[in-house]
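Remarks on the structure that follows.
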Amino acid sequence: MDYIDPHIHMVSRTTDDYETLARMGCVAMSEPAFWAGFDRGSVDSFRDYFRQLTQFEPKRAAQFGIKHYTWLCINAKEAENVSLSREVIAMIPEFLTAPNVLGIGEIGLNKNTKNESTIFLEHVELAVKYQQQILIHTPHLEDKYQGTRMILDMLMHDTRVDRSRVLVDHVEEHTIEAVLENGFWAGMTLYPVTKCTPQRAADMIERYGPERLMANSAGDWGPSKPTAIPDLIMELKRRGHTREQIHRVVYENPRRFFAQSSNFRTHDLP
Amino acid sequence: MSTNPEPRSAEQILAEEFLLARSRVLDLAAFLDRLERAQGSTEHATQMQLLSQGLNILCDGEPEKARRVQLLMSREYDPAWRKNYGLH
């Protein structure tokens, strides 16, 4: 089955992974900017990273017929460095006209600090100013509930934010309801240990329905599985979901969400 | 388009998923055995208290178990956080 992975960090994956994903049915993906495993020291490090995301990765993906899109930001973990964050935010507009940029992301919180919140709000300001879509990272483990509520509070406090153009990622059982009932899109991240298993994601699809809901692998350099979406497809098939029902979550929903960006080319998809 | 397939019965879910649930109970049991055999004590560790409370949720006969376990393992949200941080 053709599918779209709306959140995967291909800079940390091999070219063989691209080939495997293509064989598994992946036709498009989006790659949010994230933490590299170490804190970068200057704005030029981010400029080079954004060149990688907007120039190199689309070519690598294209070798296997996969459309590669991206989102730009300084991630929440490095947002503790407020001065560097502001330099990066000021530089991001250089890349917003690149043909594979869908918006600002993955912005969010990590440890739910004041500095992270300040930089989150400044990213939202950037997105509003340039009419960009937003992709949100919600924190891990014990910080997730508190951080997700803080993020929703900030977004709902700003009446300029169009909630139908915001994807809140890494939702789990205790955060999904608040995200969906307030009109945002929600993404479930399928991770082997933390976050969500294919079985629990299938439970949430059955419970909340497919409206504004999608799934991703968030494959990166840590313990993660880039082919996690096919695992979810298998689980949904096992439970008796029809091909159309599954296709809506793993293909139609990300396509509809991405299509709100002028850079997304629907006609390029199968 | 309907959201879900014909719902599986409780009997069907149990038949299909019992072995998976059984293996996870055994993993947890073996983890607790491993702790008991090891040197030192974790009796008063916060993580052990959380696990113990989580196990109580599994057996309390009430719904929303996954959500309640998640909230048990979560930091609380303070609606006044913006004021506390001086953000407006």
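The values are calculated or read from the model by the stated rules, or taken from the named source; none is laboratory data. Because the structure is a prediction, the values reported are computed rather than measured. Quick reminder, even Gly has a Cβ in these numbers, built from the backbone with ideal geometry, and neighbours come from all protein chains shown. These area figures cover heavy atoms from the full protein model, side chains too; ligands, DNA and RNA do not enter into them. Shrake-Rupley method; radii C 1.70, N 1.55, O 1.52, S 1.80 Å.
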Quiz prompt | Farthest positive-ward along chain A dipole, Cα basis, beta-carbon charges - from A:208, A:108, A:93 | solution = A:208
Self-check item: Rg and Dmax [Cα atoms of the stretch A:3-268; Å; Rg one decimal, Dmax integer]
Solution: 17.0, 52
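In what order, largest first, do A:123, B:44 sit by accessible area if the probe radius is 1.4 Å?
Values: A:123 0, B:44 145 Å².
Result, largest first: B:44, A:123.
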Quiz item: With contacts defined as alpha carbon pairs under 8 Å and 6 or more residues apart, what's the relative contact order of chain A in percent?
Solution: 19 percent
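For residue A:86 and residue A:62 in the same chain, what is the full-extension length gain: residue separation times 0.36 nm, less their Cα-Cα distance, in nm?
Details: separation 24, 0.36 × 24 = 8.64 nm, distance 3.29 nm.
Fully extending the segment from residue A:86 to residue A:62 adds 5.4 nm.
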Quiz prompt | Largest-first ordering by accessible area, 1.4 Å probe, given options A:234, A:154 | solution = A:234, A:154
Practice problem: With unit charges on the beta carbon (Lys/Arg positive, Asp/Glu negative), name the residue among B:25, B:88, B:52 whose Cα is farthest towards the positive pole of the charge dipole of chain B. | Solution: B:88
Quiz item: In whole Å and largest first, what semi-axes does the C-alpha gyration tensor of the stretch A:1-44 yield when each eigenvalue is scaled by 5 and square-rooted?
Solution: 26, 11, 7
Quiz item: Each residue of the stretch A:3-11 in order: what ³J(HN,Hα) in whole Hz does its phi give by Karplus 6.51 cos²θ - 1.76 cosθ + 1.60, θ = phi - 60°, with x for Gly and Pro?
Solution: 8, 10, 9, x, 7, 8, 9, 6, 4
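Chain pair A, B: how much accessible area is buried, both chains summed, with a 1.4 Å probe, in Å² to 100? Working shown, then result.
On the way: alone 11280 and 8460 Å², together 17030 Å².
Summed over both sides, the interface buries about 2700 Å².
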Quiz item: Percent antiparallel among DSSP beta bridges with both residues in the stretch A:3-268, to the nearest 5?
Solution: 0 percent
Quiz item: On the first, second and third principal axes, largest extent first, how far apart are the outermost C-alpha atoms of the stretch A:13-128 in Å?
Solution: 44, 28, 25
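Hey, what number do you get for the protein assembly as shown at 222 nm if only DSSP H runs of n ≥ 4 count, each worth -39500 (n - 2.57), divided across all residues, to the nearest 500?
Here the helix-only value at 222 nm equals -13000 deg cm²/dmol.
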Quiz item: residue A:69's amide H: which non-local residues (gap 5+, or another chain) put their own amide H closer than 5 Å, with H modeled 1.01 Å from N in plane and none for Pro or chain starts?
Solution: A:29, A:30, A:31
Quiz item: In whole Hz, what ³J(HN,Hα) sequence does the stretch A:217-224 give by Karplus (6.51, -1.76, 1.60; θ = phi - 60°), x for Gly and Pro?
Solution: 8, 6, x, 8, 8, x, x, 6
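Can you tell me the dipole magnitude for the protein assembly as shown around its Cα centre, using point charges on the Cβ only (Lys, Arg +1; Asp, Glu -1), in Debye to the nearest 20?
Working: 42 positive and 50 negative charges, 103 e Å.
Once rounded to the nearest 20, the dipole reads 500 debye.
Cα-Cα pairs above 20 Å in the stretch A:26-87: how many percent? Don't jump to the answer; show the numbers that get you there.
On the way: 600 of 1891 pairs.
Cα-Cα pairs in the stretch A:26-87 separated by more than 20 Å: 32 percent.
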Self-check item: Inter-label distance for residue A:268 and residue B:18, nm, one decimal - labels placed 7 Å from Cα along Cα-to-Cβ
Solution: 5.1 nm
Self-check item: residue A:162 - accessible surface, heavy atoms, 1.4 Å probe, Å² rounded to 10
Solution: 80 Å²
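Restrict the search to the stretch A:106-206; then list the trypsin sites (Lys or Arg not before Pro) that DSSP places in a loop and that have at most 11 other Cβ atoms within 10 Å of their Cβ.
Of the trypsin sites (Lys or Arg not before Pro), the ones in loops of the stretch A:106-206 whose Cβ has at most 11 other Cβ atoms within 10 Å are A:160.
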Practice problem: Could you tell me the accessible area of residue A:227 in Å² (1.4 Å probe, neighbours in place), rounded to the nearest ten? | Solution: 20 Å²
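If I compute solvent accessible area with a 1.4 Å probe over the protein chains, what percent of it on the protein assembly as shown is carbon and sulfur? Let's see the in-between values first.
Details: 8970 of 17030 Å².
The value for the protein assembly as shown is 53 percent carbon and sulfur by accessible area.
Which helices count as membrane-span-like in chain B under these terms: full DSSP H, at least 15 Å along the axis by C-alpha, Kyte-Doolittle mean of -1.0 or more? Numbers along the way, then the final one.
Working: long enough: B:10-37 (38 Å, 0.24); B:46-58 (18 Å, 0.44).
For chain B, where a helix must reach 15 Å along its axis and average at least -1.0, the hits are B:10-37, B:46-58.
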Quiz prompt | Sequence-distant residues sharing a close amide H with residue A:106 (under 5 Å, placed H) | solution = A:33
Exercise. Give the cross-link partners of residue A:129 among the lysines, using a straight C-alpha distance below 24 Å as the criterion and excluding same-chain residues fewer than 8 apart.
Key: A:77, A:114
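Residues of B:62-75, mean number of Cβ from any other protein chain within 10 Å of their own Cβ, rounded to a whole number? Working shown, then result.
Numbers: counts 0, 0, 2, 1, 6, 6, 2, 2, 8, 4, 2, 5, 12, 10.
That average works out to 4.
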